[in-house]
1. Whether any residue in segment 155-172 is within 21 Å of residue 53 (Cα to Cα), crowded, with 17+ Cβ neighbours inside 10 Å and without any contact (Cβ under 8 Å) to a residue 60 or more places away in the chain is what I want to check.
2. Say whether the condition of being buried (at least 24 other Cβ atoms within 10 Å of the Cβ) and either hydrophobic (A, V, I, L, M, F, W, C) or more than 23 Å from the chain's Cα centre (by Cα) (or both) is met by at least one residue in segment 675-682.
3. Can you pull out every residue in segment 146-170 that is aliphatic (A, V, I, L, M) and not in a loop (DSSP other than H, G, I, E, B)?
4. Looking at 396, 471, 460, 482, can you tell me which residue is in a loop (DSSP other than H, G, I, E, B), surrounded by fewer than 22 Cβ atoms within 10 Å (Cβ to Cβ) and in contact (Cβ under 8 Å) with a residue 60 or more places away in the chain?
5. I need every pair where a residue in segment 430-442 that is part of a helix (DSSP H, G or I) has its Cβ under 7 Å from the Cβ of a residue that is surrounded by fewer than 22 Cβ atoms within 10 Å (Cβ to Cβ) and among the polar types (S, T, N, Q), sequence separation at least 6 or different chains.
6. Select, from 221, 292, 319, the only residue that is over 13 Å from the mean Cα position of the chain (by Cα) and at pLDDT 95 or above.
7. Within segment 64-92, track down each residue that is touching an Asp or Glu at 6+ places or on another chain (Cβ under 7 Å) and not small (Gly, Ala, Ser).
8. Considering only residues that are part of a loop (DSSP other than H, G, I, E, B) and either outside the structural domain of residue 376 (by TED's automatic domain parsing) or touching a residue at least 60 places away in the same chain (Cβ under 8 Å) (or both), which ones fall in segment 410-428?
Amino acid sequence: MLGSTHGTFTTDLRARVDACGEHHDGRVVVHGVAAVEGDTDVSGRPLHAPVPELDRFFRPEVVAVVGASDTEGRPNTGITRQLIDWAARVGARVVPVHPTRTAVFGIDCVPSVGELDASVDLAVLLVADPLPVIEQLAESKVKFAVAFASGFAETGEEGARAQERLAAAVGRSGLRLLGPNTNLNAFERFREDLEGPAIALITQSGHQGRPVFTLQELGVRLSHWAPTGNEADLETADFLSYFAHRPEVGAIACYVEGLKDGRSFLLAADQAARRGVPVVAVKVGRTEAGARMAASHTGKLTGADQVIDAALRQFGVIRVDGLDQLQDTATLLARARRPVADGVVVYSISGGTGAHFSDLATAAGLTLPTLTQAKQDELHQWIPEYLSVANPVDNGGHPVGDWRGRKIIDAILADPAVGVLICPITGPFPPMSDKLAQDLVDAAERTDKLVCVVWGSPVGTEEAYRTTLLGSSRVATFRTFGNCIGAVRAWLDHHRFTTGYRSPFDEAPRTPSPSFRKAQALMRPGHRLSEHAAKQLLRAYGIRVPREQLVTSAAAAVRAAGLVGYPVVMKASGAQLAHKTELGLVKVGLTSASQIRDAYRELTDIARYEGIDLDGVLVCQMVGRGVEMVVGVSRDPLFGPTVTVGLGGVLVEVLNDAAVRVPPFGEREARDMLGELRGRALLDGVRGAPAADVDALVEVVLRVQRMALELDGDLAELDINPLMVLPRGQGAVALDALVVCR
């Protein structure tokens, strides 16, 4: 029971709730990935995903072009020409496939796919129906194929069925397929003259990736572009894990419309987190209604996008809204070194500019430390005394035009509390802005700290911007305040996240606990459990519930009250009852036998009038006051079971203050969930109330997670509301619970 364990609270989830028990035998197949025993968690989901070997996709030695053409005016002709040019750049040999031509663009053809030999790495299919070709390619041992054809899942149910047939054929063939409904973005001309860490790009829409690809014209290196299309086979997760292991990749930029499989994506994001590779993503669909009819509060508190948002944050994926943010954030994260300090100093030629930028930066959570008096005195050697240099630093303008400008910048960067210098230049004012830009670049080349410039001119053709600032890979240059602040925040957050990162998949339970058998015996497939049965389920997992007895007569209720101890609570108990308070089926604070008898009659009369079948009446211990919370489980169609914690009680849906996570997660994430709540201060004690037992609450969240994983095949929804979190050291008690079985 929780009350007897939280006093010896340990930070190791396994030490608390894991124990040896029965396990899944033999091989299993989960989401199309074969895994041996030990490679899956207790729910049967994979804990490891192989990193796909995609070198021969991006750098093939032999490329077959099926449907190649050199007839002017035909769409296939332009594509064939582009593929031939691309193959020449990557050192590949092209083999055109055409049934009637002997040559295309002077290159000898083979008449059919069946004539291809095992040397072909990549087959590009310029045909309307790729299905027959896929089946033929299987015999030729081709490693990869690309299908441009549309008319599949993006067109509706009939197209979706056609895509299922295509995916099944790919699965039988042994090759890997990009597409269908993809494009030529993987075969673009990438600049080879740029140096430094590169951005790898993954997009489900080719056009939406174009702004990031164009960063090359600003001197930003790109290494790969994976346009995943409909993802009948190869998906975002495959490219994400592959890019995370490429030494030249400094950051991965993604445009995601929909995830094919939630667990696969998280495993890939975990690979990037383990290696410290930043992932920045636009994930569309924020306003899509997470339409779920749920009996529990938990299912109503979290929509689909909230679950996706939480899952991305759990694994360090930085979510941005716009393509401009995607460009700027990915560029900074790819190029910038590790932070040496969190402090940000804003340096400007205008007090108004500095104040404006500082307001926005502080509101976004950046730390703007007040410079020491000694540092301020140093800066006042070059800046007039009447100007503020505490942070933001206002130089008044004139010092940037002479030798003083560089002295000021170097002095700021020398402060050990400063890790970031940001200089917003709202408009050019040559020649002083030219010298300021050059001083910033020169200083950035000599420091291990981050130097950022916001060049606010709408023109963008100025020499100081186009040549000086963009010509330096050590200065991070932005065009807007918001993008600069967001990127710097993401950079600091990323390095905080990856420092000491421990993969939750390494700690996930692989075998059921002894609680599992007891719990399974309580489940009723397709039905809702009564409160009494739901509490038995909680008790099986060591979650504390009040002393209570289920009775079926007034006399038995009186005897039960004597055993439980006055005062008591009486509640109707039945599988049909989701919310008893609204129907008057809860009586609180009963202190005598006569009150018990009267309450029993009233509860059963109401139930009879409402046509509700009862399995009895619960006579429950009254529990002292604390903070009412809700902890629950609901199912997400993409990620499976999710765990929610929030402010509970009768106003749970009005308050709508909840945080969600996708298992597996550890204690740190459970505590972070509490930190996200608007009402977090209630747990710390407000207006004289004692601080709540947060350790006990975290324990319940972790035990509920274990239940969600072990009972994944049986549990549709769980709702503990209210969970009364008592004062520190006294534990937490589940006063009510609702369970819906799958």
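The values are calculated or read from the model by the stated rules, or taken from the named source; none is laboratory data. What you are looking at is a predicted structure, and each value in this text was computed from that prediction instead of being measured. Glycine gets a Cβ as well: all are built from the backbone with ideal geometry, and neighbour counts include every protein chain shown.
1. yes
2. Step one: filter segment 675-682 for residues buried (at least 24 other Cβ atoms within 10 Å of the Cβ), giving none.
For segment 675-682, residues buried (at least 24 other Cβ atoms within 10 Å of the Cβ) and either hydrophobic (A, V, I, L, M, F, W, C) or more than 23 Å from the chain's Cα centre (by Cα) (or both): absent.
3. Keep residues of segment 146-170 that are aliphatic (A, V, I, L, M), which gives 146-147, 149, 153, 160, 162, 166-170.
Within segment 146-170, 146, 147, 153, 160, 162, 166, 167, 168, 169, 170 meet the criteria.
4. Working: 396 fails: in contact (Cβ under 8 Å) with a residue 60 or more places away in the chain; 460 fails: in contact (Cβ under 8 Å) with a residue 60 or more places away in the chain; 482 fails: in a loop (DSSP other than H, G, I, E, B).
Checking each option against the conditions leaves just 471.
5. 441/472
6. Details: 292 fails: at pLDDT 95 or above; 319 fails: over 13 Å from the mean Cα position of the chain (by Cα).
Every option except 221 fails the conditions.
7. First, pick out the residues of segment 64-92 that are touching an Asp or Glu at 6+ places or on another chain (Cβ under 7 Å): 77, 80, 92.
If the condition is that a residue be touching an Asp or Glu at 6+ places or on another chain (Cβ under 7 Å) and not small (Gly, Ala, Ser), then 77, 80 are the ones that fit.
8. Of all residues in segment 410-428, those part of a loop (DSSP other than H, G, I, E, B) come to 414-417, 426-428.
415, 416, 417, 426 - these are the residues of segment 410-428 that are part of a loop (DSSP other than H, G, I, E, B) and either outside the structural domain of residue 376 (by TED's automatic domain parsing) or touching a residue at least 60 places away in the same chain (Cβ under 8 Å) (or both).
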